[in-house]
1. Hey, can you tell me all the residues within region 191-212 that are of a type in the set (D, E, K, R) and open to solvent by less than 30 Å² (accessible area, probe 1.4 Å)?
2. So is Met1 part of a loop (DSSP other than H, G, I, E, B), modelled with pLDDT under 90 and among the hydrophobic types (A, V, I, L, M, F, W, C) or not?
3. So, in region 22-48, of the ones that are within 14 Å of the chain's Cα centre (by Cα) and open to solvent by 10 Å² or more (accessible area, probe 1.4 Å), which residue ends up nearest to Asp146 (Cα to Cα)?
4. Find all pairs meeting these conditions: Cβ atoms under 6 angstrom apart; at least six residues apart or on different chains; first residue within region 180-196 and at pLDDT 95 or above; second residue in a strand (DSSP E or B) and of a type in the set (Val, Ile, Thr).
5. The conditions are (1) modelled with pLDDT under 95; (2) at positive phi, and Arg112 fails exactly one of them. Which is it?
6. When region 104-131 is examined, which residues are found to be farther than 21 Å from Val14 by Cα and buried (at least 23 other Cβ atoms within 10 Å of the Cβ)?
Amino acid sequence: MTGLFVSFEGVDGVGKTTQVEKLRDYLASRGYEVVVTREPGGTALGKAIRRMLLHGVAAGSAVAGTSADAGNSAADIAPRAEALLFAADRAQHVAEVIRPALDRGAVVITDRYLDSSLAYQSGGRELTAADIRNLSLWATDRLLPDRTYLLDMDPSASHARLRHSADRMESAGDGFQTRTRQAFLDLAAAEPGRFCVIDAARPIESVWASILHDIDGVLPQAADATAPAGKAGVDGGQGGAR
């Protein structure tokens, strides 16, 4: 594996999408092949899983003879089922998008990865952190990012930035979001070599300046593998998910 793998994490509304785009443009301007993707939803299978995870499943839709009732209410997703869905999305994501790009020397930038499962499912949903981590490591064959940018901000302030209707995860309540933020900070404290924690309450350009200062120190470590080679390619996609 020869490329560079970068992930962005944080609670909803901290500005991950904006910073992902800035990093993509900067790396492309330097001649790197850049693959931008996201979780959940970085593959065709992932998009189907994403719809279930963020918007729920119509109650009764899987029961024979109840089609008339489908869509009248949303069935809740059990915490363990939710964790397995995220792991399934991640396994396909790595196999179809991330590993092939890294193998050819690209820089892969993902909007959310394994740490979101750890923060949201074990921190927010109160499942066992070890089980969530082991499940994700098994699903990805132990692939971790080279650098993870944690954009940190008080959830009550970050949610005020959201410009779309709250999805299933975003509407889980203040207590859930506060636990999730703390879980992210605990993950960063446990792996300081991989994480770079950035105060996302600052202006966009200030946040970007911090990322730019750090990425220039990370890129030389993979210079031989991701050396600029002609016009950059940009693949994948990212949006306003969490």
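The values are calculated or read from the model by the stated rules, or taken from the named source; none is laboratory data. Remember, predicted model here, so these are calculated numbers, not experimental data. For neighbour counting, all protein chains shown are included, and Cβ atoms are generated from backbone atoms with ideal geometry for every residue, glycine included. The area values use the complete protein model at the heavy-atom level, side chains included, leaving out ligands, DNA and RNA. Shrake-Rupley method; radii C 1.70, N 1.55, O 1.52, S 1.80 Å.
1. Arg194
2. yes
3. Top of the filtered list is Arg38.
4. Pairs that qualify, where the first residue is at pLDDT 95 or above and the partner is in a strand (DSSP E or B) and of a type in the set (Val, Ile, Thr), are Ala188/Val197; Arg194/Thr148; Phe195/Thr148.
5. (1)
6. Ala106, Val107 - these are the residues of region 104-131 that are farther than 21 Å from Val14 by Cα and buried (at least 23 other Cβ atoms within 10 Å of the Cβ).
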